[in-house]
Amino acid sequence: MIRYLVKRLCLFVPLLLVITLLSFCLVKIAPGGPFDSERAPLTPEVERQLKARYYLDEPLLKQYMRFLFGALQLDFGPSLRYRSHSVYEIIRESAPVSAILGLLAFGFALGLGLPIGFYTAARRGRWQDYTSSLIIIVMMCTPGFILAPILVLVLSLKLKLLPPALWGNIEHVVLPTIALGLIYAGRIARLFRGSLLEVSQNEFILLARAKGLPESKVLLRHVARLAILPVVTYCGPMLADLLTGSFVIENIFQIPGSGMMFVHAALNSDYTLVVGLVTFYAIILISLNLFVDVCYAVIDPRIRYE
Amino acid sequence: MNKGSPKLVNADQCGSMEKRSSLGLFLANKPACLGAITLAILIGIVITWPIALKIAPLFGQEGQAFAITYHPLALSDDQFQAPSVKHWFGTDVHGRDLFSRVVYGTGISILVGITGALISLIIGVAWGTVAGYAGGRIDTIMMRIVDVLYSMPGIIVVIVLVTTSERFVGDKLAAIIPTAKTMTRFLTLIIGLGAVSWLTMARIIRAQVLSLKNLPFIDAAKVLGASHSRIIFRHIIPNVLGIAIVYWTLTVPSIVLYESFLSYLGLGIQPPMASLGSLIAEGVEQINPVKVYWWLIVCPGAVLLALLVSLNLVGDGSRDALETKRLT
């Protein structure tokens, strides 16, 4: 186990290097830069000085090395758009907002998805199963950018129950959480249902039934315990998606999270901010994957990593 | 050689029987059939509506008026009309008929989904076949690359790819064909989406090729002196194509979803072209506390939902049919 962990951690660094190098090269290859979309075109002299000021006139490799050394000290340079802020500051301010939203949606997805999945599996082949399966499919196909505006129209503009946008109070949280989490709740429900049905084919489940355990106990104690494994595996990528991929929801509800920052940065070709955020996202994603693999070994005693 | 030809006929018959049985399994699956019918209706409307608009002016005055009223880009003074008999989905901020715009948008979304998934199929099949067939160190390296790409944040890569390569590709394209400039966003979008969606396909195909290449008929082909490329193209790829196509049908809805997501953010299809995602985005822009224009969001949203649900049902149905057939 420890050896496996060390091996994975060793892979962490090269993986991060590849990702940063790729994103670094991509943003640099593109013509156009952070300075040339401003309203008044800059004189060549000013542009040259600006480039020199932010080391954009150096060879690519040197710029990349500069970025790497800075990144080691958590210094990703200044944002080229919002020049009074450093990239680190922007991430530090926006990431917690996205993290809260992501975690809430994560809880919502699990809290809604697991019971629905369990219910449909327990009622397999009856009408409740068919209707709920249809609901699950519709949930899986309802992206946040359809659900969010409809929720806003109905709940905030018609019924005036919840605020339509912004961030701060507890009532601001409800709509974005639902809009972000519903599609994942659908995926969890479906995954859990399939896995429950597959596990209940096992012989030890037959034994549990044969010795007279009530069905609810069989499902909860024996089937669900094993059937939760694929859900756990999926939790890693799901959490990563939720933490990093709430661009649209943040956009609709005007939430100052890192997703919104990233989209603006990509559109403005704000090199330093793009690369900084990609690095940040990559670290989250890789560590979550690692964490899930470790969790997997802890839950399922049959798995031993070498 | 004499024995060769009757065998060929036999193989063909087997193939058609297998096809029939998977088709039968698919048809027995009611949700999948429902999805296929919905999809067929959607595609039918997408194809016939533009044709109707094209040929309407040939039928005198009324036809001309019809073609003008329902042209997806024709501006009019009827802004923000609620759905009615004349405008089934209402009209938008510029008085354009929303039904017509939704039909064209659905067409674009389907086109992006199909071609993007096709690109992912080509890359995935090529990558998986080469890795599985070559084996050894080449296989290890190629699959490690897939592992690395798996841990890249996909949607972020697409955003970086689309925003950066657009200007690059656009300039190059405009130098060759001056009119192609408007198509660049469309092309980079398809290529970008295809380029991040092939990983699962490559893994599935590789696993298939690994089990295929040890079967006797491959050995037979080798003994007969077939070259590697002949074995790959004549024997391996035709055998993995069925699975590849099934996973292709599962890739299409995810690419449609990605595309509408990006178009929603303004990173996808650009005006005057519209996809379902950008239509919903236009509707969201019109949200205000004074007057509610619900149809601007609900109509394209409902069509996107129907499209995604039917695509998913068809994809699931074909996968189930294939898997059941292989188990029995």
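The values are calculated or read from the model by the stated rules, or taken from the named source; none is laboratory data. It should be emphasised that the depicted structure is a prediction, and the values quoted were computed from it without experimental measurement. Glycine gets a Cβ as well: all are built from the backbone with ideal geometry, and neighbour counts include every protein chain shown. The accessibility values were calculated without ligands, DNA or RNA, using every heavy atom of the protein model including side chains. Shrake-Rupley method; radii C 1.70, N 1.55, O 1.52, S 1.80 Å.
Looking only at region B:258-279, decide whether some residue is acidic (Asp, Glu), farther than 20 Å from residue B:111 by Cα and in contact (Cβ under 8 Å) with a residue 24 or more places away in the chain. No, there is no match, as no residue in region B:258-279 is acidic (Asp, Glu), farther than 20 Å from residue B:111 by Cα and in contact (Cβ under 8 Å) with a residue 24 or more places away in the chain. Taking residues in region A:97-114 that are under 17 Å from residue A:284 (Cβ atoms), and partners anywhere that are of a type in the set (Ser, Thr, Tyr) and at pLDDT 90 or above, the pairs with Cβ atoms closer than 8 Å and at least 6 places apart or on different chains are A:105/A:184; A:106/A:184. Scanning region A:225-260 for residues that are more than 10 Å from every other protein chain (Cβ to nearest Cβ) and not in a helix (DSSP H, G or I) yields A:246, A:253, A:254, A:255, A:256, A:257.
Per-residue answers, yes or no, for (1) in contact with a helix residue (DSSP H, G or I) (Cβ under 8 Å, 6 or more places away or on another chain); (2) closer than 20 Å to residue A:276 by Cβ:
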site: A:51; (1), (2): no, yes
site: A:63; (1), (2): yes, yes
site: A:69; (1), (2): no, yes
site: A:94; (1), (2): yes, yes
site: A:100; (1), (2): no, no
site: A:121; (1), (2): yes, no
site: A:124; (1), (2): yes, no
site: A:132; (1), (2): yes, no
site: A:135; (1), (2): yes, no
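Take the conditions of a type in the set (Val, Ile, Thr), without any contact (Cβ under 8 Å) to a residue 24 or more places away in the chain and surrounded by fewer than 22 Cβ atoms within 10 Å (Cβ to Cβ) and apply them to residue B:223. Does it pass?
In short, yes.
Within the span defined as region B:225-243, every residue fails to be basic (Lys, Arg), more than 21 Å from the chain's Cα centre (by Cα), part of a helix (DSSP H, G or I) and within 29 Å of residue B:29 (Cβ to Cβ).
Check B:306, B:302, B:281 and return the single one that is closer than 20 Å to residue A:133 by Cβ, hydrophobic (A, V, I, L, M, F, W, C) and either part of a helix (DSSP H, G or I) or open to solvent by 30 Å² or more (accessible area, probe 1.4 Å) (or both).
On the way: B:302 fails: closer than 20 Å to residue A:133 by Cβ; B:281 fails: closer than 20 Å to residue A:133 by Cβ.
The conditions single out B:306.
For residue B:247, the requirement of being open to solvent by 30 Å² or more (accessible area, probe 1.4 Å) and over 28 Å from residue A:266 (Cβ atoms) is met. Considering A:161, A:153, A:134, A:166, the condition of being over 10 Å from residue A:253 (Cβ atoms) and modelled with pLDDT under 80 is satisfied by A:161 alone. Residues in region A:238-255 include at least one that is farther than 29 Å from residue A:86 by Cα and surrounded by 15 or more Cβ atoms within 10 Å (Cβ to Cβ).
Whether any residue in region A:87-97 is open to solvent by 90 Å² or more (accessible area, probe 1.4 Å) and at pLDDT below 80 is what I want to check. First the steps, then the outcome.
The first filter runs over region A:87-97 and keeps only residues open to solvent by 90 Å² or more (accessible area, probe 1.4 Å), leaving A:92-93.
Now drop any that are not at pLDDT below 80, which leaves none.
Within region A:87-97, not a single residue is open to solvent by 90 Å² or more (accessible area, probe 1.4 Å) and at pLDDT below 80.
Looking across region A:50-73, just one residue is charged (D, E, K, R), open to solvent by 80 Å² or more (accessible area, probe 1.4 Å) and not in a helix (DSSP H, G or I), and that is A:57.
Candidates in region B:251-275 are the residues that are within 9 Å of chain A (Cβ to nearest Cβ) and in a helix (DSSP H, G or I); of these, the one that is nearest to residue A:268 (Cα to Cα) is B:264.
I'd like to check something: does region A:161-178 contain any residue that is among the acidic types (Asp, Glu) and surrounded by fewer than 14 Cβ atoms within 10 Å (Cβ to Cβ)?
Of all residues in region A:161-178, those among the acidic types (Asp, Glu) come to A:171.
Adding the requirement that they be surrounded by fewer than 14 Cβ atoms within 10 Å (Cβ to Cβ) leaves A:171.
Yes, region A:161-178 contains a residue that is among the acidic types (Asp, Glu) and surrounded by fewer than 14 Cβ atoms within 10 Å (Cβ to Cβ).
Exactly one of (1) assigned to a helix (DSSP H, G or I); (2) touching a Phe, Trp or Tyr at 6+ places or on another chain (Cβ under 7 Å) is unmet by residue B:88. Its number? Result: residue B:88 fails condition (1) only. Of all residues in region B:56-76, those that are at pLDDT 75 or above and part of a helix (DSSP H, G or I) have Cβ atoms under 6 Å from Cβ atoms of residues that are aromatic (Phe, Trp, Tyr) and surrounded by 15 or more Cβ atoms within 10 Å (Cβ to Cβ), 6 or more apart or on another chain, in B:56/B:66. Within region A:127-140, the set of residues being within 8 Å of chain B (Cβ to nearest Cβ) and free of Cβ contacts under 8 Å to residues at least 24 places away in the same chain comprises A:134 only. Checking each residue of region B:28-37 against the condition of being farther than 30 Å from residue B:105 by Cα, more than 14 Å from chain A (Cβ to nearest Cβ) and modelled with pLDDT of 75 or more gives at least one match. Are any of the residues in region A:150-171 among the aromatic types (Phe, Trp, Tyr), in a helix (DSSP H, G or I), more than 12 Å from chain B (Cβ to nearest Cβ) and under 23 Å from residue A:243 (Cβ atoms)? No, region A:150-171 contains no residue that is among the aromatic types (Phe, Trp, Tyr), in a helix (DSSP H, G or I), more than 12 Å from chain B (Cβ to nearest Cβ) and under 23 Å from residue A:243 (Cβ atoms).
Residue A:126 fulfils the conditions (1) surrounded by 19 or more Cβ atoms within 10 Å (Cβ to Cβ); (2) charged (D, E, K, R); (3) over 19 Å from residue B:254 (Cβ atoms) except for a single criterion, (1).
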